[in-house]
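Remarks on the structure that follows.
Just so you know, all these numbers are worked out from the coordinates, no wet-lab data involved. Here the structure is a predicted model, which means the values were calculated and not measured. Here Cβ is always computed from backbone atoms with ideal geometry, including for glycine, and neighbour counts include all displayed protein chains.
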Amino acid sequence: MPFDLLKSMDSNLNKEFDYFKALNLSIDVTRGKPHSDQLDLSQSLLDAPLKSWIVAGSDIRNYGDPLGIMEARKLGAEILDGKVETTLAGEQSSLLLIYQIITALYLHGMDTPWRSLDKPKIICPVPGFDRHFRIFEDFGIEMLNLPLEGDGPDIDAYKELLNNHSNIVGIIAVPKHSNPSGDIYSIEKIQNIFEFGLAYSADFCFLFDHAYIVHDLEENMPTHPILNIAKESGALETTAVMTSFSKITFGGAGLSFFSAGKRLFNLMVKQRAAMIICPDKINQQRHLQFLSNTNQIKEHMRLHAAILKPKFLLVQEKLSVIPSEMGSFKIPKGGYFVSFNTKLPIATRVVEIANSLGVKFTPAGATFPYGKDPGNSNIRIAPSFLNIQDLSVAMDVFLLSLKLAHQEVN
Ligand SMILES: Cc1ncc(COP(=O)(O)O)c(C=O)c1O
């Protein structure tokens, strides 16, 4: 039992460990989900009756409009800075849209299907979103780590990957409030991503998961218009941007949007036609009644921020006492996560100790492809779903676990 080590440890830490152990805690810090207080902000979406079933002359209770209700597509285009003609409003999950476009690229491709390539590879900025990684594992597409630097990926490392590997099919990126690092990609880095990717191959795909596009904790934060930058860079045809309302209205019950250049859009429409007759237009119409333009969305997101901000500030306050030789963190300006990096390769151990005290953190490694963090350093903290009291205790346990893990190796 590894905790035998505690016997030889600092007695205060030992006492602290016993104290938390006796509390029989059961706190889950793994879930990047909205708290019920946030869900309550959208309650009227459920309570208000639909004003009409007939929208633009068609009955939304029936099949039809495979690309979604026109007003929903317009809203999606407005959010994603895309053109309405190449924007679709899908079901309730952007992850599903991502899976669909990857399926389309794998089966059919732009010119060459990914499945016909010898050992296709995709570039994944890290730390990143484990569910992206799972998709590529499903398709047997090798993932190449690309370190994030705070304002997007390390461009020299990006160029190096492109120079050293054949059959790289593209990159998947979360360009704003990246999960979990909170990176906001700079315009220059977005331009670089397009420039060097396109120079590598005309079919290089740029998949942007804009899950946190309007999820700011601060006022007046800009959002770089990815599709416009793609157009200026000559990369629009192979660029797609996805987002959803999962963290605007209801988790897994919002709206999702896909906007792209024409070639990629047509490929997506073809793929979806084989999968689904039409999206849930009733849910789309309900959402349009509730939030019909970006100003309303901004206002609504301010209410989310007011609930989330104290939790992020608490995490910041707790982590700020950690000496830099133990680790570092960056408080994000939005999104749902705080990313902590231990200085020593002890992330697995920190999570293990916290777990033994009844506080569950996302398994170390989960933020990297194949669950392998080469530095065994990154730990994802998800403050949103907890109430402030539980979060406070969880962070105290985190600090204690970090100190204990540190002490074990020293
Ligand atoms: C980066 C990222 N993309 C996608 C999703 C899932 O979104 P959806 O509910 O729209 O599938 C999440 C949820 O945590 C996420 O963090």
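Summary table
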item: Viscosity 1.306 mPa s, 10 °C: Kirkwood-radius Stokes-Einstein D of the chain over Cα pairs, µm²/s; result: 71 µm²/s
item: Those aspartates and glutamates that a straight Cα-Cα span of less than 17 Å connects to LYS189, excepting residues fewer than 8 apart in one chain; result: GLU149, ASP151, ASP154, ASP156, GLU160, ASP209, GLU232
item: Per-residue HN-Hα couplings for the stretch 264-274 [Karplus 6.51, -1.76, 1.60; θ = phi - 60°; Hz; x = Gly/Pro]; result: 5, 5, 4, 4, 5, 4, 5, 5, 5, 4, 7
item: LYS309 paired with ILE277, simple spin-label distance in nm, labels 7 Å along Cα-to-beta-carbon; result: 4.8 nm
item: Label-point separation, THR112 to ASP138 (7 Å along Cα→Cβ), nm; result: 2.4 nm
item: Debye-sum result for the stretch 294-410 in log10 I(q)/I(0), which assumes one identical scatterer on each alpha carbon, at q = 0.18 Å⁻¹; result: -0.90
item: Rounded to the nearest 20 debye, dipole of the chain from Cβ charges on Lys, Arg, Asp, Glu; result: 620 debye
item: Listed peptides 258-266, 194-202, 270-278, 241-249 by packing density, highest first (mean Cβ within 10 Å); result: 241-249, 258-266, 194-202, 270-278
item: Antiparallel %, DSSP beta bridges [both residues in the chain], to 5; result: 50 percent
item: Helix axis angle, 155-164 relative to the chain longest principal axis, alpha carbon, degrees; result: 70 degrees
item: Highest-first arrangement of 250-256, 139-145, 371-377, where packing means the average Cβ count within 10 Å; result: 250-256, 139-145, 371-377
item: Degrees between helix 187-200 axis and first principal axis of the chain (Cα, 0 to 90, nearest 10); result: 70 degrees
item: For q = 0.09, 0.10 Å⁻¹, Debye-computed log10 I/I(0) when each Cα of the stretch 53-292 counts as one equal scatterer; result: -0.35, -0.44
item: Added length on full extension, which subtracts the Cα-Cα distance from 0.36 nm per residue, GLN389 to ILE187; result: 68.9 nm
item: Calculated over the stretch 1-115: convex hull of Cα atoms, volume per residue (Å³); result: 284 Å³
item: Amide proton proximity set for SER377, modelled H, under 5 Å, gap of 5+; result: ALA347
item: LEU344 long-range amide H proximity, modeled H, under 5 Å; result: none
item: Links that overshoot a 26 Å alpha carbon limit, given the list LYS83/LYS121; LYS262/LYS372; LYS247/LYS333; LYS176/LYS403; LYS176/LYS330; result: LYS83/LYS121; LYS262/LYS372; LYS176/LYS403
item: R0 of 35 Å, Cβ-Cβ distance SER166-GLN316: FRET efficiency to nearest 0.05; result: 0.20
item: Mean Cβ count within 10 Å, highest first, over the residues of peptides 11-17, 203-209; result: 203-209, 11-17
item: Residues listed by number, the stretch 241-276, amide nitrogen under 14 Å from SER58 label point at 7 Å toward C-beta; result: 273
